[in-house]
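Notes follow the structure.
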Amino acid sequence: MTVFFFAIKRCFRNMMNILFLCVLPVLVILMPDEEWLPLPLGYQIYGVLLLFAAGRIVSIMMDDRAKGILTRVGISPITHLQYLWQNLLAYSLILIVQVGLVVVAGMLYGHDLMQPFLLFVVYSVFAITAIGFSLAWFSLFRHKETAFTVLIGLIFLMTMAGGMLWPVDIMPELMQRFAMLLPTYWLAESITIVANQEAISELIIPFAMMMLFTVAFLIIGSRRRIT
């Protein structure tokens, strides 16, 4: 598990990573409640922050390629698969811990999070999906700066089209169908189910869809090594 522990340590060596992982979540907690939203404003858009945070930490693997670390991995006892899953496990753990702290801190701050444990599970599942999405995304580019710049715009589009800022029902029918192809749509669906205190069984389909997205992203990202 050498790669796993090293991946955790180096995530906090960069100030921008610390900003996304430690500072911005505080803003999520401090944002006010809004009556027209099922959750406090910060928690309604927290998925956006998770996508950005996942993109920041997964982009570190592109630095490994640039520095020749992947070449050394190829001739070491550690296989590329071990390198990959230990990094992804470390990144997922970091985001899940962040999710737990954000939910607990929100409760202590006085937010009404309806079903905080289920909300923790929802964001944790989406955090893993965000990691997979970032892996697949960065595998399509040769330069980290270009990949992250384009990713910023893509995340905002996914946020708007996926129903995280407004109900999908108000969009044209064609857009509603397209939204179902986005992981953010299923996050928004999960948040609505939790906020409305519907039956837990209603979360099965959104969770299954997010996990299917995760598997697809991981397959794409692992077959095309990050460059």
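The values are calculated or read from the model by the stated rules, or taken from the named source; none is laboratory data. Just so we're clear, the structure is a prediction, and the values are computed from it rather than from any experiment. Heads up, the Cβs are rebuilt from the backbone with ideal geometry, glycines too, and the neighbour counts pull from every protein chain shown. These accessible areas exclude ligands, DNA and RNA; they are computed on the full protein's heavy atoms, side chains included. Shrake-Rupley method; radii C 1.70, N 1.55, O 1.52, S 1.80 Å.
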Contour minus Cα-Cα span, PHE6 to ARG142, at 0.36 nm per residue, comes to 46.6 nm
When the chain is treated as a Gaussian network with springs between alpha carbons less than 10 Å apart, the largest mean-square fluctuation among ILE128, ILE96, ILE45 is found at ILE45
Applying the gyration tensor rule to the Cα atoms of the stretch 87-195 (axes a ≥ b ≥ c; rounded if a/c under 1.5, else prolate if a/b exceeds b/c, else oblate), the class is oblate
Probe 1.4 Å, all chains present, heavy atoms only: LYS9 accessible area in Å², nearest 10, is 130
Expected unfolding gain across MET16-MET180 under the 0.36 nm per residue rule, minus the alpha-carbon gap, is 55.9 nm
Of GLN98, GLN197, GLN44, the most mobile residue in a GNM of the chain (C-alpha springs, cutoff 10 Å) is GLN197
Per the 1/(1 + (r/R0)^6) rule, R0 = 25 Å and r from the Cβ atoms of LEU37 and LEU101, FRET efficiency to 0.05 is 0.70
Highest GNM mean-square fluctuation among LEU51, LEU30, LEU88, for the chain with Cα springs under 10 Å, belongs to LEU30
Ranking THR214, GLY162, TRP186 by how far each Cα lies towards the positive end of the charge dipole of the chain (+1 on Lys and Arg Cβ, -1 on Asp and Glu Cβ), the top one is THR214
Quick calc, the stretch 78-227, dipole around Cα centre from Cβ unit charges on Lys, Arg (+) and Asp, Glu (-), nearest 20 debye, gives 820
Charge dipole of the chain built from unit charges on the beta carbon (Lys, Arg +1; Asp, Glu -1), centred at mean Cα; most positive-end Cα among VAL99, LEU84, PRO172 is LEU84
In deg cm²/dmol, rounded to the nearest 500, the helical mean residue ellipticity at 222 nm of the chain, built from -39500 (n - 2.57) for every DSSP H run of length 4 or more, is -22500 deg cm²/dmol
Note to self: C-alpha centroids of the stretch 156-207 and the stretch 1-60 sit apart, in Å, by 21
